[in-house]
1. Run the simple label-point estimate for Thr36 and Leu24 please: 7 Å along Cα→C-beta, distance reported in nm.
2. What's the tally of Lys pairs in the chain whose alpha-carbon atoms lie under 27 angstrom apart, where the two lysines are 8 or more places apart or on different chains?
3. As I understand it, the value is the acute angle between the Cα axis of helix 2-60 and the longest principal axis of the Cα atoms of the chain; what does it come to in degrees, rounded to 10?
4. At 222 nm, what helix-only mean residue ellipticity would the chain give, in deg cm²/dmol to the nearest 500, using -39500 (n - 2.57) for each DSSP H run of four or more?
5. Of (1) 4, 15, 9, 10, 8, 8, 8, 6, 6, 6, 5, 4, 3, 3, 2, 1, 1, 0; (2) 4, 13, 16, 22, 20, 14, 8, 3, 1; (3) 3, 16, 19, 17, 13, 10, 7, 5, 4, 3, 2, 0, which one was derived for P(r) over Cα pairs in 5 Å bins from 0, in percent from the structure shown?
6. Place +1 on the Cβ of every Lys and Arg and -1 on the Cβ of every Asp and Glu in the chain, take the dipole about the Cα centre, and give the residue among Ala30, Met1, Met55 whose Cα lies farthest towards its positive end.
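Each value in this text was obtained by applying a stated rule to the coordinates, not by laboratory testing. Computed from a prediction, not measured in an experiment: that's the story for all the values here. Reconstructed Cβ throughout: ideal geometry from the backbone, glycine too, with neighbour counts over all protein chains shown.
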Amino acid sequence: MNAVNDWLSQIAHNYILIVIAAILFFTVKAIIGYYTYKHYDKKLNALSDQMDRLMEKKTTD
């Protein structure tokens, strides 16, 4: 009976480690995604501003 209890505790411990690893993985992935979004959002805003300036220049000419 002790062998079964030891085996079950090892499995439970492994699942806890897997859950902790999954939480850490998705946390890091979310942080990287957030910074990637900020980076490309800045580039998109710069491109949008440039397009607005070009369109304004074209309409005034």
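1. Each label point is offset 7 Å from its Cα along the Cβ direction, giving 2.1 nm.
2. Details: Lys29/Lys38; Lys29/Lys42; Lys29/Lys43; Lys42/Lys57; Lys42/Lys58; Lys43/Lys57; Lys43/Lys58.
Count of close lysine pairs: 7.
3. For helix 2-60, the angle is close to 0 degrees.
4. On the way: 1 runs with 59 residues, N = 61.
Only helices count here, giving -36500 deg cm²/dmol.
5. Of the listed options (1) 4, 15, 9, 10, 8, 8, 8, 6, 6, 6, 5, 4, 3, 3, 2, 1, 1, 0; (2) 4, 13, 16, 22, 20, 14, 8, 3, 1; (3) 3, 16, 19, 17, 13, 10, 7, 5, 4, 3, 2, 0, (1) comes from this structure.
6. The listed residue farthest towards the positive side: Met55.
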